[in-house]
Ligand SMILES: [Zn+2]
């Protein structure tokens, strides 16, 4: 029964995606951004240390909107501006009907472990082979479970059950054509906040969020921090800090806009149609795990068991590099492996084909050109 519902759902999605005007067509002039404050009213989301997710999310969204409201080339659409309940599919409907160019959903994390902390940005996906899959899955299941509060959720979501693993099987099909652009937007948000606000970096990740699946445009979901962690919660209690964070996210949206304005629509469509494997391999992502003035032997015993560490001498420092991939999401996975081994301040670095170091966002952008 569930499988049949799924096939029906997929058929509906594909017919809809043909009917919807391509959102990229609007990107040469105004960028239409949907700001989605998670939860609301009877659905408070998670809570901890005196903070409630629905309030923090709305607060951030309104601040981001205020900042971007001054930009003549950006249009803002809100899914909610007050404390009200809105279903996940309704949020996506608002974005789809507006033919938005980018969907940004704002949430906060909360888990039973008080030590879990940090800022992370999600794009849609399911990758069971990834090292942090179960953790990401837990976050997605928690966020998706809000549909239980909607009347007729079985009908609205085609028999989807947030807590049933088999419901997630066909998830990834839905947003594939927007994945590169979603990753680009997510990486701007993540880089801005981590570089400028020194939050704990949990990276850009993929997880099966229902609200992202239902939109027909590049879409990201931001988890601002863990309300259950005192460091994160104290940060988010400060009005000044929330303004700083809103400013970084607003600037990330501006940066994303200026990136995609450089890309012609024809090239964009071509790159969306083809697998484009040779372009993707033009840039290589690696993980820088440590740097120092002293050269250390790169055997695993010196790096908490991490294998295949390489060393390069650059700017008077020995830099220790782990892993190599042309796939940015795989690089995120390598980053998690390095962090799990205790290299908390690891970060992704990008290199061009001739070995020149480039910014990660430039490498991501080049995939779209
Ligand atoms: Zn949430």
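Structure notes:
- Cα extents for region 186-243 along the principal axes, largest to smallest and rounded to whole angstrom: 35, 23, 19.
- Long-range Cα-Cα pairs in region 65-147 (distance over 17 Å), rounded percent: 61
- Per residue, the convex hull spanned by the Cα atoms of region 95-248 measures out at 129 cubic angstrom.
- Normalised by 2.2 N^0.38 Å, where N counts its residues, the alpha-carbon radius of gyration of region 276-366 equals 1.07.
None of the figures in this text is laboratory data; all of them are computed from the coordinates on show. Worth saying up front: this structure is predicted, and the values here are computed from it rather than measured.
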